[in-house]
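Below is one structure, written out as structure tokens, with a few remarks after it.
The values are calculated or read from the model by the stated rules, or taken from the named source; none is laboratory data. Because the structure is a prediction, the values reported are computed rather than measured. Every residue, glycine as well, gets a Cβ built from its backbone with ideal geometry; the counts of neighbours run over all protein chains shown.
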Amino acid sequence: MGRYLPLLVLLCLWQVLCSVGIVANYVLPSPIEVAAGFWSLLTVGMPPGHLLYYHIIYSLYRVSLGFSLACALGIPLGLLMGWFPRFHRSLGPIVEILRPIPPLAWIPIAIVWFGIGISSAAFIIFLGAFFPILLNTASGVSSINPILIDAIKTLNATQMDIFLKVLIPGSLPSIFIGMRVGMGVAWMTLVAAEFTGVKEGYGLGFMIMTARDIQRPDEILAGMFVIGMIGFAIDWSFRAWESSVRPSE
Amino acid sequence: MYLELIQIRKTFVNPKQDTEVVAIDRIDLQIEKGQFISIVGPSGCGKTSLLRIISGLENSYEGDVFLDGKKIQKPESEVGLVFQQYALFPWRTMCKNIEIGLEIMGMRKSERRAIAMEYIRSFGMSGFEDRYPYQLSGGMQQRVAIARTLIMNPKVVLMDEPFGSLDSQTRNDMQEFLMDLRQKRNDTILFVTHNVDESVFLSDRIVVLSKRPARILRIFEINTPHPRDRTSKVANDIRREVIEILRQERISHSPVNN
């Protein structure tokens, strides 16, 4: 319990600073006001009628779409890159040119290509998640001890056996790392992608931008905490999933 | 002849000087069925390369390897290979490591499980079948690796310094374990080691290799019955002789590579 003490002190200090009027509440609302803002997000919604619950569902939907696409493409490509050095060499320059472009820098061109809506949001999220998944998978394959591949070859293994029984299980820890990092990037990218506009009128990024438009810093902060907590929950469930499918070492 | 090596020669190119280096220089060797042969030699003399050639993992060499009349050209389960570093699959339990060869063969799960459990029992590893390799001692990991190879009933078993990374007590235990196993199964075994004591304790024949390029310097026949006394006069005499040959080999200047 002791490790939560600094957090509690910080909250009290924050509350006191706001209550005595050192910080104006239109700049930094007090913790109590933020909590009230959270309650209003739940019950009234921002904009009114658009409840928090729906914003979360829309955001998760966009993320899972882009993220699944990134896994579906990044894992097989990464396995091939790791297993066939020639493929790695010929794909390498393309990856190295595209990877340093921040996903958010793709937003304008995504809007030109796909318009404002789910496709462009999913595309941006895909870009954020794709490269960590691709590169971690590839490095997972190339880090497999070659002696394991020799060992299975002496047991009559075909190329398919090598793939299914050594390459995939052997690179699984790296694939998981890639997926976790990719998911983290995807979640961060999502909120920014929603800043630029969403057609449906739902999404956590859209929600806090709307709160800014009508000067509700309490709801902005409450929305930020919600985004953080969901990111944390996703990462936590990834770890739980990972440790349930793999023996710890 | 059961396993026959004919004029095996292995070279590789030294990329820095663009010169050809001879690793193995025309080795001829005949091994009879059921024999236990040890290969000893200075470290780095190409013992491991020789095993890789026999197992079919290495393709770029001159000469031929015949097993039971058939030329070896690619890895197959008729030639079993046990690695020094065990080479167990860390994501598979003991039982699943042992049965992987049968799994590749397409044997039904219940059937292969039963065979694997029989090996686990006779190797004295019951109760550990669901452990992962990192949860096992070095000696037990190596027994798993041996079981994984033997379950395929290979015609010849190659062992590449299998006990090299074990402490001396475990190493002795494993040598005795291997001898027991061999009395029961009568496998043909080609055993690479740099440990002369081990080769004297285990083998019917000891093949002594030179330093690079590897040639056969001498072959010792040992007819003492098993189990052997590690300190008997015969054992000591052979040991002294092998050690002397290896010592001469170490201090002599290597011939200039052609």
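Taking region A:193-217 as the range and being surrounded by 21 or more Cβ atoms within 10 Å (Cβ to Cβ) and more than 15 Å from A:PRO47 (Cβ to Cβ) as the test, only A:ALA193 passes. Within region A:170-181, residues that are polar (S, T, N, Q) reach partners that are surrounded by fewer than 22 Cβ atoms within 10 Å (Cβ to Cβ) with beta carbons closer than 8 Å, at six or more positions or on different chains, in the pairs A:SER171/A:LEU79; A:SER171/A:SER143; A:SER171/A:ILE144; A:SER174/A:SER139; A:SER174/A:SER143.
If I filter region B:22-37 for residues that are in contact with a Pro (Cβ under 7 Å, 6 or more places away or on another chain), assigned by TED's automatic domain parsing to the domain that holds B:VAL242 and within 14 Å of B:VAL192 (Cα to Cα), do I get at least one hit? For region B:22-37, residues in contact with a Pro (Cβ under 7 Å, 6 or more places away or on another chain), assigned by TED's automatic domain parsing to the domain that holds B:VAL242 and within 14 Å of B:VAL192 (Cα to Cα): absent. Take the residues in region A:124-147 that are touching a Phe, Trp or Tyr at 6+ places or on another chain (Cβ under 7 Å) and crowded, with 22+ Cβ neighbours inside 10 Å, then tell me which one is farthest from A:SER68 (Cα to Cα). Among those that are touching a Phe, Trp or Tyr at 6+ places or on another chain (Cβ under 7 Å) and crowded, with 22+ Cβ neighbours inside 10 Å, it is A:VAL141. Looking at A:THR158, A:THR189, just one residue is in contact with a helix residue (DSSP H, G or I) (Cβ under 9 Å, 6 or more places away or on another chain) and modelled with pLDDT under 90, and that residue is A:THR189.
Restricting the search to region B:74-97, which residues are of a type in the set (Val, Ile, Thr) and either more than 8 Å from chain A (Cβ to nearest Cβ) or in contact with a Cys (Cβ under 7 Å, 6 or more places away or on another chain) (or both)? Of everything in region B:74-97, those that are of a type in the set (Val, Ile, Thr) and either more than 8 Å from chain A (Cβ to nearest Cβ) or in contact with a Cys (Cβ under 7 Å, 6 or more places away or on another chain) (or both) turn out to be B:VAL82, B:THR93. Kindly indicate whether B:SER49 is of a type in the set (Gly, Ala, Ser), surrounded by 13 or more Cβ atoms within 10 Å (Cβ to Cβ) and either without any contact (Cβ under 8 Å) to a residue 24 or more places away in the chain or assigned to a strand (DSSP E or B) (or both). No, not satisfied.
Checked across region B:16-32, the condition of being within 14 Å of the chain's Cα centre (by Cα), assigned to a strand (DSSP E or B) and of a type outside the set (Lys, Arg) holds for at least one residue.
Of all residue pairs spaced 6 or more apart or on separate chains, those with beta-carbon atoms under 7 Å, a first member in region B:182-193 that is among the acidic types (Asp, Glu) and a second member that is crowded, with 20+ Cβ neighbours inside 10 Å and in a strand (DSSP E or B) are B:ASP187/B:VAL157.
Entry remark, region A:78-97: residues being under 18 Å from A:GLN159 (Cβ atoms) and either assigned to a helix (DSSP H, G or I) or under 25 Å from the mean Cα position of the chain (by Cα) (or both) number 10 in total.
For region B:85-92, the criterion of being within 25 Å of B:LEU190 (Cβ to Cβ) and touching a residue at least 60 places away in the same chain (Cβ under 8 Å) is met by at least one residue. Among the residues of region A:218-249 satisfying the criterion of being of a type in the set (Gly, Ala, Ser) and surrounded by 17 or more Cβ atoms within 10 Å (Cβ to Cβ), which is farthest from A:ILE177 (Cα to Cα)? Top of the filtered list is A:ALA222. When the test is whether a residue is part of a strand (DSSP E or B), aliphatic (A, V, I, L, M), away from chain A (no Cβ under 14 Å) and over 25 Å from B:THR149 (Cα atoms), B:ILE37 does not pass it. Residue count for region A:128-138 satisfying the condition of being of a type in the set (A, V, I, L, M) and either facing another protein chain (nearest Cβ under 7 Å) or over 12 Å from A:GLY78 (Cβ atoms) (or both): 1. On the stretch given as region B:56-73, residues that are more than 13 Å from every other protein chain (Cβ to nearest Cβ), part of a loop (DSSP other than H, G, I, E, B) and surrounded by 18 or more Cβ atoms within 10 Å (Cβ to Cβ) total 1.
Filtering region B:78-131 to residues that are hydroxyl-bearing (Ser, Thr, Tyr) and farther than 26 Å from B:ARG171 by Cα leaves only B:SER110. Among residues of region A:139-174 being among the polar types (S, T, N, Q) and assigned to a helix (DSSP H, G or I), the one that is nearest to the other protein chains (Cβ to nearest Cβ) is A:SER171.
Among the residues making up region B:127-152, those that are in a loop (DSSP other than H, G, I, E, B), surrounded by fewer than 18 Cβ atoms within 10 Å (Cβ to Cβ) and within 12 Å of chain A (Cβ to nearest Cβ) are B:ASP130, B:ARG131. Listed residues B:ILE100, B:ILE53; which is out of contact with any Gly (no Cβ under 9 Å at 6 or more places or on another chain), within 14 Å of another protein chain (Cβ to nearest Cβ) and at pLDDT 90 or above? Of B:ILE100, B:ILE53, the one residue that is out of contact with any Gly (no Cβ under 9 Å at 6 or more places or on another chain), within 14 Å of another protein chain (Cβ to nearest Cβ) and at pLDDT 90 or above is B:ILE100.
Taking the conditions exactly as written (touching a Lys or Arg at 6+ places or on another chain (Cβ under 8 Å), part of a helix (DSSP H, G or I), away from every other protein chain (no Cβ under 14 Å) and not basic (Lys, Arg)), does A:ILE125 satisfy them or not? It is true that A:ILE125 is touching a Lys or Arg at 6+ places or on another chain (Cβ under 8 Å), part of a helix (DSSP H, G or I), away from every other protein chain (no Cβ under 14 Å) and not basic (Lys, Arg).
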